[in-house]
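Data first, discussion second: the structure below is written as structure tokens.
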Amino acid sequence: MGRSNAMNAVDAGPANTGDRIFARVGAFLAAHRLSPDPAHYAFAYEVVANAGGAIAQRVASLTDGGVRLTTQDIALLGGRTVAGAPVDTGNDDEASALTGDADAHQALIERMMMQVDGFDDTMRLVHAEANDFGRDLQRSADSMRELGAEAGIEAIARLTADMIDRVRLAEQKLDTALRETEELRSALDEARGSARTDPLTDLPNRRAFDEAFAALHRDTPVTVAICDIDHFKRINDSFGHAVGDRVIRMVAQTLGSEKGPLVARYGGEEFAVLFEGVPLDEAAKTIERLRSTIADRRPRVRETGELIGTISFSAGVAEGRVGEGRAALMARADAALYRAKDQGRARTITAP
């Protein structure tokens with residue numbers, strides 16, 4: 001994979017080493033729409049000042065083709081993100097979808113807090129009504145002892161009728177509270193789902209993929225593939241980000257149409273595929289078949305009819321070893337993907 005624009009945009013900058021690094025840090029922050037917060041600066045400095053390090057290499061992989069890092073990417077790489085105004089908010093479809101998700105989740109949290117407060121008020125009311133009824137009933141019992149049963153019958157009748165009305169009112173309030181609670185539970189279930197779904201492709205996201213992997217029994221035989229769209233930056237530069245997003249969705253739909261494996265958008269134009277109980281050769285053949293299906297298409301720009309050209313991806317496939325963790329397995333698949341890129345792209349390479 002080539003280095004991203006964010007990492008090499010200012011290589012021809014100031015001659016002074018310190019000034020050049022400072023300029024590259026600024027370019028990195030701007031490219032990834034991060035505010036100039038010390039936490040963001042520290043992460044950017046680690047990337048640009050140690051270009052041969054593991055973090056810089058992984059950033060180069062994730063951002064190849066001009067793709068921006070996500071906050072989850074930064075966190076997984078050991079960095080820290082800070083809330084606040086970014087350098088450039090942008091208005092592409094994916095950013096808008098993410099912003100919309102954040103707003104929806106915040107509204108859901110506020111609604112949940114209101115529901116908790118309302119349910120608490122309802123239970124306090126029911127408790128107060130029960131206490132009042134108990135006190136009134138005790139007074140009526142004392143009156144009957146003093147005046148005789150006949151004198152207290154009328155008071156008991158009035159008290160009973162009043163209590164029935166109170167119970168009905170409390171039941172109505174409880175019914176409303178329970179109904180709202182069920183609606184809230186459904187909304188929370190939906191929110192949990194959206195937190196694990198990529199907004200652009202509707203595929204599971206990296207978090208969902210990692211959680212699914214972690215949930216597997218340790219003895220489950222697994223094979224993983226990492227697929228990366230070739231020359232994606234060229235598509236964005238030639239046709240615009242809207243067309244680039246459509247290309248990502250087309251690849252996502254093709255990969256996601258395969259029954260059996262879990263397909264996730266793992267970052268930018270990169271996808272991860274998790275096979276359970278499928279040997280290496282069979283998984284590689286599946287990925288190669290899907291790659292050929294995409295390459296056979298002749299997509300056009302919707303607005304102009306202009307041919308976009310052949311869409312291809314490179315893939316690395318690795319089979320899990322006994323006792324091997326997810327990180328090590330993904331690293332081997334990623335290394336195979338690098339070899340596919342180095343050998344000319346548009347191919348599937350298996351890890352030894």
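Checking each residue in region 31-48 for being in a helix (DSSP H, G or I) and either of a type in the set (Val, Ile, Thr) or open to solvent by 50 Å² or more (accessible area, probe 1.4 Å) (or both) picks out 38, 41, 42, 45, 46, 47, 48. Residues in region 248-266 that are closer than 12 Å to residue 200 by Cβ, touching a Lys or Arg at 6+ places or on another chain (Cβ under 9 Å) and among the hydrophobic types (A, V, I, L, M, F, W, C): 248, 250, 252. The residue that is nearest to residue 307 (Cα to Cα), among those in region 213-234 that are among the β-branched types (Val, Ile, Thr) and in contact with a helix residue (DSSP H, G or I) (Cβ under 7 Å, 6 or more places away or on another chain), is 229. Across region 235-261, the number of residues qualifying as touching a helix residue (DSSP H, G or I) at 6+ places or on another chain (Cβ under 9 Å), crowded, with 19+ Cβ neighbours inside 10 Å and closer than 30 Å to residue 325 by Cβ comes to 4. Identify the single condition in (1) in contact with a helix residue (DSSP H, G or I) (Cβ under 9 Å, 6 or more places away or on another chain); (2) aliphatic (A, V, I, L, M); (3) outside any helix (DSSP H, G or I) that residue 294 does not satisfy, given that it satisfies every other one. For residue 294, the exception is condition (3). If residue 259 passes every condition in (1) over 17 Å from the mean Cα position of the chain (by Cα); (2) assigned to a helix (DSSP H, G or I) but one, which one does it miss? Every listed condition holds for residue 259 apart from (2). Selection of region 304-352 for residues being charged (D, E, K, R), assigned to a loop (DSSP other than H, G, I, E, B) and open to solvent by 70 Å² or more (accessible area, probe 1.4 Å) yields 306, 321, 347. Which one is modelled with the lowest pLDDT, of the residues in region 290-299 that are more than 20 Å from residue 201 (Cβ to Cβ) and open to solvent by 60 Å² or more (accessible area, probe 1.4 Å)? Per the stated criteria, the residue is 298.
Counting only residues that are out of contact with any Asp or Glu (no Cβ under 8 Å at 6 or more places or on another chain) and open to solvent by less than 40 Å² (accessible area, probe 1.4 Å), region 222-234 holds 3 of them.
On the stretch given as region 301-322, residues that are in contact (Cβ under 8 Å) with a residue 24 or more places away in the chain and over 23 Å from residue 253 (Cβ atoms) total 3. Before we move on, is residue 270 closer than 19 Å to residue 203 by Cα, open to solvent by 50 Å² or more (accessible area, probe 1.4 Å) and modelled with pLDDT of 95 or more? No.
The values are calculated or read from the model by the stated rules, or taken from the named source; none is laboratory data. Here the structure is a predicted model, which is why all the values come from computation and not from measurement. In this analysis, Cβ positions are derived from the backbone assuming ideal geometry, glycine residues included, and neighbour counts consider all displayed protein chains. Accessible surface is based on the protein model in full, side chains and every heavy atom, while ligands, DNA and RNA are left aside. Shrake-Rupley method; radii C 1.70, N 1.55, O 1.52, S 1.80 Å.
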